[in-house]
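Okay, structure first, notes after.
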Amino acid sequence: KNKKKNRQRKRKEKRRYNMEKRRKMLSGKEMEEEIASAVNAIPEIVRNLTRRNEEEQREAIRLIKRILNMTNPPIDKLLQEPLLEYIGPLYKQTHKDMQYDLFWIIHNLSIGDEIEVKPLLETYFLEEALDIISVPETKEARFVDLALSFIGNICCTDSEIMIAKGVIPPLIKLTNYQNELRKDVRIRMYVAWITSRITKAQAKDRNIINQFLPIIETCIYDEDTQIQSDATWSVHYICAASEHGIQMVLETSITKQLVSLMMHPEETISLPALKALGDIVRGNDYQTQQVINVGFINALIPLIHKAKVPSMISELCWILGNLTAGDINQTEEVLKTNMIPTIIQFLRNANKMDIKIDAAYVFANILQHHHIPFTTYLIQQNLMDVFSELLTSTSIKLLKIILDSLYDILMVGDKMALHNHITNQYAQYMIDKQIVDKIEYLLYHDNIDVQGAAKRLLHHYFTADEEDDELMMN
């Protein structure tokens, strides 16, 4: 009896070997033809999963995997068939290798869109994936990888169901320093990725974020750059969502690490780190000061001078705009550095209008303090001349920022004139440099907000022609 079983096993192994050999010999054209034929035969292939003959089942699985490996797999066509209905029972009954292939199919189906993923939420495989990662030390590594990747895919479309089913505790366990599996970089990469997917969707939920912060704090100090990147994006999502999220982050060691990571040579890390820090300084003055206290402003200096990539320049200008919108002491910290001349060059020479606007906001926020030393410093850096050049811009937003900033400069000029019993020297400068002429021309602008800003400035500080009033009314 045993000999008979051995002979049967050997025959099966030989058939399997010959089949694999034939598959490897397929040319590219033959492979394309086989895939096209398989797509047309999807109903029959799916039915073959219910056959009692294991070879037919394996062949059906192979063809389904081949279909799912296409660039744009027809997931909808596969799900129109009772595929999920057949795979669950077969998975429970078969051996490990076939189980892995079946789980792989489910995993790749989860890469689809929200409509395609929805049927998977009702299958056995959600619980199976959670069971695997809950006791990963008892499972094969390939199953743990697949389960984590599957969970991550589901989180991309429906993170709430994974949270409801209890995904957080096993993720925390996997990042525990006492867990041997934590040494596996792939495990840590999956955990960081899943965390970023969930925090992006649930960033305003304080309870969920509170549970994930220990994972993020662990991952952000990881040596692997992809893990650091995902953890840093998670911090950005949390801080961008609310001041509560900002405060929760500030109560960890994450902020200090963000300052280090914003100088990382890889933009996939430095950019989200900058975004996260920018989100924090967008918070209240107390939160902004906590970032300043860990050396944030000094760390910005080399980045500002070396910045070449437009997205990075825009981000840096936006951050400085938030810093200078804070209290007067925080603005003074920025002005003590040598960053302002570089920002003026961004304002004057940037090819992208978004950068010019972000740079203009830095100066608008400084000037809104109406602090004589601040304004004097900016005038000494030739800011007024740059504003004059940009009064011919086609950007309504930029024109409005500049006109309002010039008005703030003139307000400071009034304060200085009153104190020193002299005329407004900034108003005189604007007359001498024909800046007033350019502003008068803006009374004819198509945009009513630009017209209004120009009129306010001219009527308050200069003599406006009655003709200009009539033109604006018409």
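Considering 120, 146, 126, the condition of being in a helix (DSSP H, G or I), of a type in the set (A, V, I, L, M, F, W, C), touching a Ser or Thr at 6+ places or on another chain (Cβ under 6 Å) and closer than 20 Å to residue 79 by Cβ is satisfied by 120 alone. Would you check if there is a residue in the stretch 171-181 being assigned to a helix (DSSP H, G or I), in contact (Cβ under 8 Å) with a residue 12 or more places away in the chain and buried (at least 20 other Cβ atoms within 10 Å of the Cβ)? Yes, that holds for at least one residue.
Inclusion of residue 203 among residues that are at pLDDT 95 or above and among the small types (Gly, Ala, Ser) is not warranted. Looking at the stretch 41-90, the helices (runs of 4 or more DSSP H) lying wholly inside it that each contain 2 or more residues that are within 21 Å of residue 118 (Cα to Cα) and open to solvent by 50 Å² or more (accessible area, probe 1.4 Å) sit at 75-80. Residues in the stretch 379-412 that are surrounded by 17 or more Cβ atoms within 10 Å (Cβ to Cβ), under 34 Å from the mean Cα position of the chain (by Cα) and among the aliphatic types (A, V, I, L, M): 383, 386, 390, 398, 399, 401, 402, 403.
Which residue out of 338, 365, 322, 298 is touching a residue at least 24 places away in the same chain (Cβ under 8 Å) and either outside any helix (DSSP H, G or I) or among the acidic types (Asp, Glu) (or both)? Matching residue, one of 338, 365, 322, 298: 338. Select from the stretch 204-235 the residues that are under 16 Å from the mean Cα position of the chain (by Cα), crowded, with 20+ Cβ neighbours inside 10 Å and either closer than 14 Å to residue 171 by Cα or not aromatic (Phe, Trp, Tyr) (or both) and list them in ascending order. Once the filter is applied, which keeps residues that are under 16 Å from the mean Cα position of the chain (by Cα), crowded, with 20+ Cβ neighbours inside 10 Å and either closer than 14 Å to residue 171 by Cα or not aromatic (Phe, Trp, Tyr) (or both), the stretch 204-235 yields 216, 220, 227, 228, 229, 230, 231, 232, 234, 235.
Within the stretch 412-433, being of a type in the set (A, V, I, L, M, F, W, C) and touching a Ser or Thr at 6+ places or on another chain (Cβ under 9 Å) holds for 412, 416, 417, 430. Against the test of being β-branched (Val, Ile, Thr) and at pLDDT 90 or above, the options 87, 75, 42 yield a single qualifying residue, 87.
Residue selection: residue 277 satisfies the criterion of being over 27 Å from residue 183 (Cβ atoms) and either assigned to a helix (DSSP H, G or I) or out of contact with any strand residue (DSSP E or B) (no Cβ under 8 Å at 6 or more places or on another chain) (or both). Listed by first and then second residue, the pairs with beta-carbon distance under 8 Å, at least 6 apart or on different chains, first residue in the stretch 372-398 and of a type outside the set (Gly, Ala, Ser), second assigned to a loop (DSSP other than H, G, I, E, B), are 384/433; 385/433; 396/447. Take the residues in the stretch 139-170 that are open to solvent by 10 Å² or more (accessible area, probe 1.4 Å) and free of Cβ contacts under 8 Å to residues at least 40 places away in the same chain, then tell me which one is farthest from the chain's Cα centre (by Cα). Ranking the qualifying residues of the stretch 139-170, first place goes to 139.
The values are calculated or read from the model by the stated rules, or taken from the named source; none is laboratory data. Predicted model only: the values in this text are computed from it and were never measured. Note that each Cβ is placed from the backbone with ideal geometry, even for glycine, and that neighbours are counted across all protein chains shown. Accessible surface is based on the protein model in full, side chains and every heavy atom, while ligands, DNA and RNA are left aside. Shrake-Rupley method; radii C 1.70, N 1.55, O 1.52, S 1.80 Å.
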